[in-house]
Structure formats: structure tokens, C-alpha cells
Amino acid sequence: MAEARLILEGRGLCLHRQSRAIVDRVDIRIDAGGISGLVGANGAGKTSLVSLLAGLIAPDSGVRRITGAGCVEGAGEARIGLMMQKPVIMRRSVYGNCDYVLKALGVEKAVRRARIADGLALVRLDQRARDDARLLSAGEQQRLALAQMLIAEPAVLLCDEATSSLDPPSRRLIEKIVADKAATGLPVLWVTHNLAQLKRFGGRGGGRVFFMHQGRLAPPQDIEAFFTAPASKEARAFLAYERI
Ligand SMILES: Nc1ncnc2c1ncn2[C@@H]1O[C@H](COP(=O)(O)OP(=O)(O)O)[C@@H](O)[C@H]1O
Ligand SMILES: [Mg+2]
């Protein structure tokens, strides 16, 4: 099946909390494949921006648009894959958590079964399919969240600190699976405050770096340029601080 290239963009996005702009006139467009990084210190507004892009919250002003060849009005929502730092795990089996996602999308039973089997094998949870998902370790739960995201066959991935609290084996497995997806042309926005991870993992396939500071987003830079010649003084300070 030919994939419709999905374009996710925000124009002039603003979000205020307690009379402060935590997302401040942000223009962002995610259309190219590869792993783009969204970096910035804790509190910069990254999660708020991702929540706006994912449609979890509405902006106070500005617009968010999902367009792309063959993407009819409203159908784009289901094509956005989202992983947060803490996955939402339901009181069901590992399989049941996956099935819930595909049922909600109206996928028929035989297709659900096949996709879930593939998805759980990919994240190496196929032997745990019948287990209560709440008994999984943090790393396993995040791998389940990755499977839930991928079996929905998203056209763009938004990963917000998806591996920030995991042990190295789970982190590496998730990085590898996401990198493989990005290599197939799937656009990935990888949100992190961890520059070592960004360096190791980001920028592949033409992905760029978006730097966020106090709600403002700097124009994107190639990953090499970001590390050697960051465009803003705030980004320079962030890099210098992280090197200490
Ligand atoms: N619901 C909320 N009410 C008040 N302040 C909030 C709320 N959500 C986020 N903030 C504040 O907005 C800022 C940006 O938060 P966040 O988007 O989580 O940043 P990041 O993900 O970059 O760490 C922080 O100062 C945070 O405390
Ligand atoms: Mg955050």
C-alpha cells in the first residue's frame, strides 16, 4: 500500500498557564523523514508542545494542521503515534492492551491478531501476551507502549522522553526499533533533555534539531550544526552546561 506522506504542523501555537506563555508563538512543521530532536531544559515547554501537536490539548491561539496526500479531514488524528515518559497501562493483559487500541480504530479481529503478534514479537513481549500488563517492569511497559503505538500504523511518531527513566537494555531496544522505523521514512520527533542520547540517536535520515527555551522554539538546525554552532545564545548555554 502506498503511504500517504503526512505533514504535521503548528503555526503560531500559544499556550498559557497561570498567565505565563509556556508555549509561545511556535511554528513547527514535521514532514521530512528521519529522527528530529526536540531539546531543551526541564520546563522549556517540550511536553506542552508535544501535547499540542498530538491534539491532547488545544492551543489558546494558533493552529495545528494535519495534512498530506490522501489524508482526508479528521483521518489524520489516528495516524499520529505518541509515546510519553510514563505509559498509560490498562488493567488487562498485555494482549488486551494492544487489542483495545486496534478495536478503537475499528480493525477487524483477524487483522488485529496478526498485527498484535508482530508488534509484541518486535518489542520482545510475545511470551508475555497473557500476563497482566500492570505486572510488567517499567522497561517492559514502555516496550508495550511502543508496540501499541506501532500496531496502529502511525504516519508520524512523537516520542516524549520515551526512554528517559529506563534501564539500558530497554532503552537500546526502543531506540533501535524507532531508528529502524525512521529508516523506512517515518518522521520521528524525539523529545529529550539528554544531549548524549540526541548525539547517539538523533539526526539520522536528515532529522533536525529543534531547541526550545522558555516556550520559544528556535529555527531547526542540522544536528552537526546544532552541536558545533548552535544558533541561539540559550542553546549555547544549554550545550555548555551539559558538557560540565
Ligand atoms: N497544567 C499546568 N499548569 C501550570 N503550569 C504548567 C502546566 N503544565 C506545564 N506547566 C509549566 O509549563 C512549563 C513547561 O512545562 P513542560 O511542557 O512540561 O516542559 P518540559 O517538557 O520541557 O520539561 C513548566 O514551567 C511547567 O511547570
Ligand atoms: Mg517534558
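The values are calculated or read from the model by the stated rules, or taken from the named source; none is laboratory data. A quick note: this is a predicted structure, and the numbers were derived from the prediction, not measured. All Cβ positions, even for glycine, are placed from backbone atoms using ideal geometry, and neighbour counts span all protein chains on display.
Specify the residue that is farthest from Leu189 (Cα to Cα); the eligible residues are those in the stretch 8-36 that are modelled with pLDDT under 95 and surrounded by 21 or more Cβ atoms within 10 Å (Cβ to Cβ).
Residue satisfying both the conditions and the ranking: Leu8.
Which ones in the stretch 33-52 are farther than 21 Å from Asn194 by Cα and not in a loop (DSSP other than H, G, I, E, B)?
Once the filter is applied, which keeps residues that are farther than 21 Å from Asn194 by Cα and not in a loop (DSSP other than H, G, I, E, B), the stretch 33-52 yields only Leu52.
If you take the residues of the stretch 99-128 that are among the hydrophobic types (A, V, I, L, M, F, W, C) and surrounded by 16 or more Cβ atoms within 10 Å (Cβ to Cβ), which of them is farthest from Ile89 (Cα to Cα)?
Ranking the candidates gives Val107 first.
Out of everything in the stretch 155-211 that is touching a helix residue (DSSP H, G or I) at 6+ places or on another chain (Cβ under 8 Å) and among the aromatic types (Phe, Trp, Tyr), what residue ends up being farthest from Ala121 (Cα to Cα)?
Phe211
When you check Leu217 against the structure, is it surrounded by 17 or more Cβ atoms within 10 Å (Cβ to Cβ), closer than 21 Å to Ala155 by Cβ and at pLDDT 90 or above, yes or no?
Taking the combined requirement at face value, the residue does not satisfy it.
Return yes or no: is Gly45 in contact (Cβ under 8 Å) with a residue 12 or more places away in the chain, away from ligand 2 (no atom under 16 Å from the Cβ) and on the phi > 0 side of the Ramachandran plot?
No: the conditions fail for Gly45.
State all residues of the stretch 139-163 that are touching a strand residue (DSSP E or B) at 6+ places or on another chain (Cβ under 7 Å), within 16 Å of ligand 1 (Cβ to nearest atom) and not charged (D, E, K, R); if no residue qualifies, say none.
Across the stretch 139-163, the qualifying residues are Leu158, Cys159, Ala162.
Among the helices (runs of 4 or more DSSP H) confined wholly to the stretch 135-244, which include 3 or more residues that are out of contact with any Asp or Glu (no Cβ under 6 Å at 6 or more places or on another chain) and in contact (Cβ under 8 Å) with a residue 40 or more places away in the chain?
Once the helices (runs of 4 or more DSSP H) in the stretch 135-244 are filtered for at least 3 residues that are out of contact with any Asp or Glu (no Cβ under 6 Å at 6 or more places or on another chain) and in contact (Cβ under 8 Å) with a residue 40 or more places away in the chain, what remains is 138-151, 168-183, 233-243.
Just checking, how many residues over the stretch 129-138 are buried (at least 19 other Cβ atoms within 10 Å of the Cβ) and either under 19 Å from Pro168 (Cα atoms) or out of contact with any strand residue (DSSP E or B) (no Cβ under 9 Å at 6 or more places or on another chain) (or both)?
1
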